[in-house]
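First up is the structure itself, then whatever we jot down about it.
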Amino acid sequence: MALSLLYLLIISLSFSNLPSSSSSDNNNNNNVNNAAKTFIVQVQPSSKPSIFPTHQDWYSSSLSSLSSDKATAPTVLHTYSTVFHGFSAKLSPSQAQTLQSLDHVTAIIPEQVRQLHTTRSPEFLGLRSTDAAGTLLRESDFGSDLVIGVIDTGIWPERKSFHDRDLGPTPSKWKGQCVAGKDFPATICNRKLIGARFFSAGFESTNGKMNETTEYRSPRDSDGHGTHTASIAAGRYVFPASTLGYAKGVAAGMAPKARLAAYKVCWSAGCYDSDILAAFDAAVADGCDVVSLSVGGVVVPYHLDAIAIGAYGASDSGVFVSASAGNGGPGGLTVTNVAPWVTTVGAGTIDRDFPADVKLGNGRIIPGMSIYSGPGLAPGRMYPLVYAGGVGGDGYSSSLCLEGSLNQVKGKIVVCDRGINSRAAKGDVVKKAGGVGMILANGVFDGEGLVADCHVLPATAVAASTGDEIRRYIAASKSKSPATATIVFKGTRIRVRPAPVVASFSARGPNPESPEVLKPDVIAPGLNILAAWPDKVGPSGVASDKRNTEFNILSGTSMACPHVSGLAALLKAAHPDWSPAAIRSALMTTAYTVDNRGETMLDESSGNTSSVMDFGAGHVHPQKAMDPGLVYDIVSYDYVDFLCNSNYTTKNIQVVTRKFANCNGAKRAGHSGNLNYPSLSVVFQQYGKHKMSTHFIRTVTNVGTPNSVYQVTVKPAAGMTVTVEPEKLAFRRVGQKLSFLVRVQALAVKLSPGSTSVKSGSIVWSDGKHTVTSPLVVTMQQPL
């Protein structure tokens with residue numbers, strides 16, 4: 001809520017009138033306040049005067065009227081007509097305010113800049129090409145004829161992951177294009193990559209004309225992120241596959257025969273809302289079945305969130321939208337892309353890692369993680385070891401191994417702290433300064449989780465606690481013999497236990513905008529994931545890295561999201577009549593929360609047991625999701641009622657949904673927690689009360705077998721009393737819907753002012769064959 005209020009304050013300042021003072025100081029200050037910026041403008045499409053042949057003509061005329069000099073009048077950047085009605089343009093605050101006053105303008109939305117949330121995973125998920133009939137891959141024909149739209153940095157179409165051998169013709173429903181551009185002829189698309197577009201007007205409006213020596217004015221990927229995520233979602237089977245000799249085996253996406261459409265919206269300076277919304281608009285109009293989005297930003301109210309608005313329009317058209325939860329973990333309230341019509345995906349580990357241990361001069365072995373294949377450290381030799389914070393002019397800059405900060409490190413292994421610049425860039429700084437190796441130490445906030453990076457010199461990552469140990473060893477050695485160390489690379493290790501573990505970086509709940517909706521929804525593999533990679537981009541991502549590799553290993557919720565996108569395509573292919581909400585429900589109610597030891601999943605950052613705020617409903621289980629028994633379905637007007645009950649105004653609801661909201665009727669139906677979501681969440685404000693209570697109404701649809709009877713099992717947390725009525729649901733036919741009531745009573749707990757306590761349980765329906773699990777979360781808040 002604090003973030004939302006801050007954002008509203010920023011908007012009000014953007015639209016404020018100029019001060020009446022004419023002093024030069026005031027005028028100089030106002031130059032900054034009056035700087036033009038990009039706004040997304042929503043209009044009533046039916047209000048277009050008949051004199052204008054098209055809506056774009058109308059929009060252009062409206063913008064021309066804002067300036068007496070037609071040559072300097074704002075121009076239309078993008079027009080939107082599918083998931084949103086309107087246009088985007090670069091406007092001064094006064095021009096935006098003038099547009100806002102027009103009767104046919106519904107909303108003016110300031111643009112945000114988003115950032116990227118940067119293969120054994122199919123096998124870890126139980127998806128094998130040799131699976132027998134009745135399994136998800138076979139039943140869905142590997143996702144054939146389903147189209148996944150990937151909104152990202154573009155694609156490198158020549159990769160083997162995107163070949164079209166043995167694929168049938170392009171689906172007849174497809175209306176998209178392969179847009180030509182720099183080094184990207186229209187003929188480069190095929191029956192696998194059936195569409196490709198790029199959107200740069202928003203980026204260039206803010207940053208000026210792109211530098212075409214470093215970026216492609218085309219769908220071609222100059223970053224690598226989009227190629228990687230696209231191949232996770234729907235890459236073909238490729239053998240052999242590896243990164244610098246690591247993770248050798250077969251590479252494959254979740255839906256190997258699904259078709260791909262690439263929508264490039266991310267550039268060197270980020271991913272701009274006006275471009276993202278244009279990509280959503282195109283993806284739905286083109287005929288995508290699934291949209292995968294691995295970018296995000298600050299959480300704002302839904303009517304100010306272009307991703308939430310575009311995703312609602314997609315969902316309203318029957319398109320499943322999955323989005324990354326963000327990499328802001330392990331702190332709470334860090335989850336992004338939290339709208340209930342979006343499936344929000346956190347990240348977990350798989351049972352594979354890449355150990356690279358540090359051997360200290362005192363004999364101590366420190367576990368580490370790395371991907372390095374190049375000139376190595378001499379076997380058996382120990383090297384001088386220094387802490388970067390003690391060998392630079394500026395202790396802070398040098399401790400982080402920032403560019404140009406290191407002195408006196410030639411021939412030494414350097415310990416660098418995480419932060420500011422990228423992990424691989426720190427190694428490049430050490431290498432340029434003459435260092436022979438790097439130990440990258442987590443900070444306190446990073447915790448104990450380790451990410452394997454492709455480095456440009458021998459390097460490894462260590463946890464926060466062991467990083468402290470290494471620094472203590474260095475400090476103690478100054479008065480004795482000098483500190484020494486080496487790094488021992490051990491290659492690829494599989495069948496690691498425990499797995500999965502919630503990745504340290506994976507963003508956590510509670511939901512900052514709608515605490516009644518548990519986010520993230522699920523987690524999926526997102527740590528050290530092997531997938532396709534473009535030419536001309538080194539695996540480390542560092543400019544000096546000139547190595548080429550067909551595959552790369554990356555980590556992030558960016559990698560977790562396309563796993564779920566691909567699984568959604570498989571489920572849609574197996575069940576063409578399922579809605580986006582039904583697909584999400586199947587993934588959530590069949591998810592698991594135990595690791596391969598049979599114990600509750602751990603939190604990588606601390607080593608402690610993880611919670612629903614970390615993993616949502618749990619880790620996806622594709623095979624069980626194909627046959628969930630029951631689903632919690634949601635139609636578009638249910639989201640309208642949810643927004644009403646969340647105290648959104650009729651106008652703001654119309655901005656998101658393009659629907660008129662009768663909120664009086666919706667509010668009589670209950671509260672925002674009554675959205676028919678697969679999880680149940682409530683926030684109690686204690687206010688000195690001893691007992692608090694609420695209720696939920698849920699409706700389930702039978703997608704299993706006729707004449708099935710489900711019995712409920714309630715697993716409340718300590719201090720909670722939960723009852724379900726009725727306790728038995730008897731379905732006569734497939735497709736039948738039945739409702740039940742959940743009453744929750746919680747006892748107050750002792751809390752300090754402003755603090756919270758989270759307790760979780762579950763409600764489980766079972767007919768003996770299917771187990772349908774819903775998390776139940778109660779948050780107790782003690783007001784200030």
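Report the relative contact order of the range 132-266, percent, no decimals, based on alpha-carbon pairs under 8 angstrom and at least 6 residues apart. Taking the mean separation of contacting Cα pairs over the length of the range 132-266, I get 40 percent.
Taking only protein heavy atoms and a 1.4 Å probe, what accessible area per residue, in Å², does the range 698-784 have with all protein chains in place?
48
Helices in the chain, meaning DSSP H runs of at least 4 residues, each add -39500 (n - 2.57). Divided by all residues, the mean residue ellipticity at 222 nm is -6500 deg cm²/dmol. In a reduced charge model with +1 at each Lys and Arg Cβ and -1 at each Asp and Glu Cβ, the chain shows a dipole moment near 1300 debye about its Cα centre. Heavy-atom accessible surface of the range 299-448, averaged per residue, reaches 32 Å², computed with a 1.4 Å probe.
Determine the percent antiparallel among the DSSP beta bridges restricted to the range 194-312, to the nearest 5.
The antiparallel fraction comes to roughly 55 percent.
Note that the range 209-220 has calculated 3J(HN,Hα) couplings of 4, 5, 7, 7, 7, 10, 10, 9, 7, 5, x, 5 Hz, one per residue in order, obtained from phi through the Karplus relation 6.51 cos²θ - 1.76 cosθ + 1.60 (θ = phi - 60°); glycine and proline are x.
Hey, which aspartates and glutamates would be in cross-link range of LYS257, C-alpha to C-alpha under 17 Å, not counting anything within fewer than 8 residues on its own chain? Leaving aside aspartates and glutamates fewer than 8 places away in the same chain, those within reach of LYS257 are GLU123, ASP131, GLU139, ASP141, ASP145, GLU158, ASP164, ASP166, ASP289. Counted over the range 607-676 with a bin width of 10 Å, the fraction of Cα pairs per bin, in whole percents, is 18, 32, 25, 22, 3.
With θ taken as phi - 60° and the Karplus curve 6.51 cos²θ - 1.76 cosθ + 1.60 applied, the whole-hertz 3J(HN,Hα) list for the range 326-337 is x, 10, x, x, x, x, x, 6, 9, 5, 10, 6 Hz, x standing for glycine and proline.
Distance from the Cα centroid of the range 507-540 to that of the range 721-784 is 27 Å (rounded to whole angstrom). Bridgeable lysines around LYS689 (alpha carbons under 17 Å apart, same-chain partners fewer than 8 residues away excluded): LYS750. What would the Debye formula give as log10 I(q)/I(0) at q = 0.14, 0.20 Å⁻¹ for the alpha-carbon point model of the range 158-274, no solvent? Listed by q, the Debye log ratios stand at -0.65, -1.12. As a length-normalised measure over Cα pairs under 8 Å and 6 or more apart, the relative contact order of the range 380-442 settles at 32 percent.
Based on the convex hull around the alpha carbon atoms, the chain presents an average projected area of 37.2 nm².
Ratio of Rg to Rh for the range 401-488: 0.94 [Cα atoms; Kirkwood radius as inverse mean 1/r over pairs]. Measuring r between the beta carbons of THR609 and GLN685 and using R0 = 30 Å, the FRET efficiency lands at 0.65. Using the average count of surrounding beta-carbon atoms within 10 Å as a protection proxy, the listed peptides 422-435, 518-531 rank, highest first, as 518-531, 422-435.
Modelled this way, with points 7 Å down the Cα-to-C-beta line, the labels at GLU212 and LEU102 are 3.2 nm from one another. Give me the 1.4 Å probe accessible area per residue for the range 575-616, excluding ligands and nucleic acids, in Å². Accessible surface, normalised per residue, equals 34 Å². Between the alpha-carbon centres of the range 166-216 and the range 444-504 there is a gap of 41 Å.
A simple spin-label model places pseudo-atoms 7 Å from Cα toward Cβ; at ASN548 and HIS695 they are separated by 6.8 nm. With Rh defined as the Kirkwood radius, the inverse of the mean 1/r over Cα pairs, the Rg/Rh of the range 326-394 is 1.15. Remark: the Cα gyration tensor places the range 553-705 in the oblate category, a/c being 1.5 or greater and a/b not exceeding b/c. Expressed as a fraction of 2.2 N^0.38 Å, the C-alpha radius of gyration for the range 281-431 is 1.51. At an R0 of 25 angstrom, the distance between the Cβ atoms of ASP183 and GLN115 translates into a FRET efficiency of 0.50.
Magnitude of the charge dipole for the range 226-281, about its Cα centre and with charges confined to Cβ atoms of Lys, Arg (+1) and Asp, Glu (-1), is about 420 debye. Protection proxy ranking for 603-611, 275-283, 93-101, using the average of other Cβ atoms within 10 Å per residue and placing the highest first: 275-283, 603-611, 93-101.
Rounded to the nearest 0.05, what FRET efficiency do ASP69 and LYS37 give with R0 = 30 Å and r taken as the Cβ-Cβ distance? Could you check?
The computed FRET efficiency comes out at 0.95.
Sequence-distant contacts, meaning Cα pairs under 8 Å at least 6 residues apart, place the relative contact order of the range 579-650 at 41 percent. Here each label is just a point 7 Å from Cα along the line to Cβ, and for ASN707 and LEU784 those points are 6.2 nm apart. Taken over the range 500-572, the ratio of Cα radius of gyration to 2.2 N^0.38 Å equals 1.41. The string of couplings for the range 168-173 from the Karplus curve (6.51, -1.76, 1.60, θ = phi - 60°) is x, x, 4, x, 5, 6 Hz, one whole number per residue in order, with x for Gly and Pro. By the Cβ rule of 4.7 Å, the chain holds the following cysteines without a possible disulfide partner: CYS288, CYS454, CYS561.
Which residues in the range 677-712 place their backbone N less than 17 Å from a point set 7 Å from the Cα of LYS728 along the Cα-to-Cβ direction? The answer is 707-712.
Here the chain exposes an accessible surface that is 52 percent carbon and sulfur, computed with a 1.4 Å probe and the other protein chains kept in place.
For LYS624, list the lysines whose Cα falls under 18 Å from its own Cα; do not include residues on the same chain fewer than 8 positions away. Partners within reach: LYS572, LYS769.
Here, the range 360-459 yields an orientationally averaged convex hull projection of 6.2 nm² when only Cα atoms define the hull.
In debye to the nearest 20, how big a dipole does the range 159-265 give about its Cα centre with +1 on each Lys and Arg Cβ and -1 on each Asp and Glu Cβ?
That gives a dipole near 440 debye.
For THR106, the residues whose amide H sits under 5 Å from its own are GLN42, VAL43, GLN44, ignoring neighbours fewer than 5 places away on the same chain, with H placed 1.01 Å from N. Loop-located chymotrypsin sites (Phe, Trp or Tyr not before Pro) in the range 547-620 (DSSP state not H, G, I, E or B) with no more than 10 neighbouring Cβ atoms inside 10 Å do not occur. Selection among TYR396, ALA186, GLN782 by position relative to the dipole of the chain gives TYR396 as farthest towards the positive end (Cβ unit charges, Cα centre). Among the listed pairs LYS264/LYS659; LYS173/LYS536; LYS160/LYS264; LYS519/LYS737; LYS48/LYS651, which have their C-alpha atoms separated by more than 31 angstrom in this model? Going by Cα-Cα distance, LYS173/LYS536 fall outside the 31 Å limit. Under a 5 Å amide H cut-off, with hydrogens placed 1.01 Å from N, SER681 pairs with VAL777 among residues at least 5 apart or on other chains.
The values are calculated or read from the model by the stated rules, or taken from the named source; none is laboratory data. Here the structure is a predicted model, which means the values were calculated and not measured. Quick reminder, even Gly has a Cβ in these numbers, built from the backbone with ideal geometry, and neighbours come from all protein chains shown. With ligands, DNA and RNA removed, areas are computed over all heavy atoms of the protein, side chains included. Shrake-Rupley method; radii C 1.70, N 1.55, O 1.52, S 1.80 Å.
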